[in-house]
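Coordinate-derived values only; no laboratory data. This one's a predicted model, so the numbers in the text were calculated from it and none came from an experiment. Positions of Cβ are backbone-derived with ideal geometry, glycine not excepted, and every protein chain shown enters the neighbour counts.
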Amino acid sequence: MNLRCIYCQTPFTLARTEMLSAIVTMNEKSQNHYDAHCPRCRRANSISRQRMELFFPNWQEAAKQAAAAPAKPAPTPASASLKTEPLPKSVKAAAVKKAPARPAAKKAPASKKPAAAAKKTTAKPAAKKAPAKTKKK
């Protein structure tokens, strides 16, 4: 379902799965509107139940099929499956001591131009203006 945010005019879409879950929750809670949040401004856009059902006419059958289908386990991100524990203080101290010392950054030598030379400017002659044109009769 293609929508346009009423606040920032950004076009966005609702997927069929989101529409189905919205219609089912509206049916269970006897609501008349669904709040679709804009991806840009995050404000809620109210969508009527009639409009949702217009774009998803056979939602009852789809809801039955979704309920009957085995639920897929959500894929877990790799970072969530790794459990880390904080290091003991003795290990942290050893790691700090083993770190190689970085050589100090050498500063570039300052330019050896005298300050007076930097201030010296050359005067440019002013551009001459062209004489005004006169009208011939």
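For the reader, a short list of remarks on this structure follows.
- Note: region 2-68, Cα convex hull, 80 Å³ per residue.
- Spin-label model, Ala93 to Thr17: label points 7 Å out along the Cα-to-beta-carbon direction sit 5.1 nm apart.
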